[in-house]
Structure formats: C-alpha cells, structure tokens
Amino acid sequence: MRGSWVRLVGVAVATAALLGASAPDGPAAPLSAETQNAMLAELAGVRPSSELTGPVIATGTIEGAGAGVPVVADAWPDQETLGRVEIGGFVDVVTIAAALTDADGSFELVADPEALAGRVGATAEIVNIDVTAFDAGCGLAMMATSVKLSVSSGEVEVGDELDEPHLLVHAVRPLTIGEVVAAPGSADLPPSCGE
C-alpha cells in the first residue's frame with residue numbers, strides 16, 4: 001500500500017498545481033460534482049464509480065464522513081504472485097475503483113473494467129482489495145475485503161459474495177477530495193487506521 005500512497009500523493013501535488021494552489025484566503029467555494037469527479041479521476045487514475053454502469057463490488061461507510069470523501073479500492077496480486085515476492089520486496093497493487101462518499105458517509109465502488117483487466121481475466125478469480133480513505137488523524141483509513149471478479153468483453157462480472165458486503169471504515173477525520181488535493185500529506189505518514 002505504501003507504493004500506492006506515494007503515487008497518489010504525487011498525483012495530488014500535480015492536481016493542486018493544475019487547479020491553482022494559490023487560492024484566495026477565506027473559506028473555499030463548494031466544488032461542483034463535475035469538478036470533484038475530475039479531481040477523483042486524476043487522483044486515483046481510474047474512472048469514478050459514478051460514471052460506470054457495472055456491478056457494485058463493495059459498499060460501505062466511512063466513519064465520521066460527510067459528502068465528497070474519496071474512497072479508493074486497490075487490488076492485490078493473486079496468492080501465487082504474492083508467494084514469489086521476497087520479504088521487503090515491492091508489491092504491485094492496482095487501483096480498480098474510486099468513489100466519493102454521499103452526505104451520510106456511504107459509498108458504492110464500481111470497478112473500472114480497464115483497470116481491473118490488468119488484474120483478472122475472463123475466469124472469475126478471488127481478488128483481495130483494500131478500501132481506503134485519506135484521514136487527517138492517521139494518514140489512511142482502510143478495510144480489506146475479498147470479491148470474486150472477472151472481466152469479459154470489457155464488462156465486469158461479480159461472483160458469489162465472499163466477505164462482509166457492507167464495510168465500515170474507521171476514520172479519525174476523513175479528508176474531502178478538495179482537502180486531499182489542496183494539502184497533500186507528506187511521505188512520512190502516520191500508521192493506517194482500520195483493519
């Protein structure tokens with residue numbers, strides 16, 4: 001996950017530069033849904049779930065969140081691939097879904113077929129994913145789950161439910177997409193929250 005975080009922070013810095021980091025003092029104007037989705041797509045590198053029509057791969061709630069908190073799902077390699085990684089080696093996690101929370105902190109993640117195709121083929125496979133939100137109190141708030149997924153003809157298919165269908169991600173103070181982009185964290189992150 002550390003490798004993903006470093007990549008995401010780099011994208012956040014670039015996005016802040018593109019959007020103009022020197023905003024006037026005072027409270028920021030609310031961001032439109034279109035702007036938030038564009039920021040999310042740039043941050044995560046996948047199409048936002050709200051723009052996709054495939055099946056939902058995970059739902060949940062970010063504890064203490066309101067609207068506009070980015071939630072990202074990263075897929076881990078299969079067990080065989082993980083078994084070949086030496087201790088201390090780099091693990092290639094792939095961001096497969098991203099969404100923004102609703103006013104009550106809830107979210108639905110729909111996998112981007114193009115991103116998921118890099119992890120699974122047409123045969124349904126168990127995919128272990130980390131569902132993560134940025135958190136001012138602990139760097140990253142995270143919950144892990146497993147889903148049976150495949151990609152056939154560019155369409156994502158979901159197999160039998162494997163883990164808890166609704167995730168509760170514990171957070172201290174979830175950051176909105178505007179906060180993540182405007183004030184990216186440092187490379188020295190505090191430990192992650194969650195399980």
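Quick note: the coordinates plus some simple rules give every number you see, no bench work behind them. Being a predicted model, the structure only gives us computed values, none of them experimental. Methodologically, a virtual Cβ is constructed for each residue, glycine included, from the backbone with ideal geometry; neighbour enumeration extends over all protein chains shown.
Once you have the alpha carbon radius of gyration of region 86-144, what is it after dividing by 2.2 N^0.38 Å, with N set to its residue count?
1.35
Quick one: which residues, 5+ away or cross-chain, put their amide H under 5 Å from the amide H of Asp135? H built at 1.01 Å from N.
The answer is Leu140, Ala141, Leu175.
Does region 56-164 classify as rounded, prolate or oblate by the C-alpha gyration tensor (a ≥ b ≥ c root eigenvalues; a/c under 1.5 gives rounded; else a/b over b/c gives prolate, otherwise oblate)?
It comes out oblate by the Cα gyration axes.
Order these peptides, 79-85, 89-95, 115-121, by their mean beta-carbon neighbour count within 10 angstrom, highest first.
115-121, 89-95, 79-85
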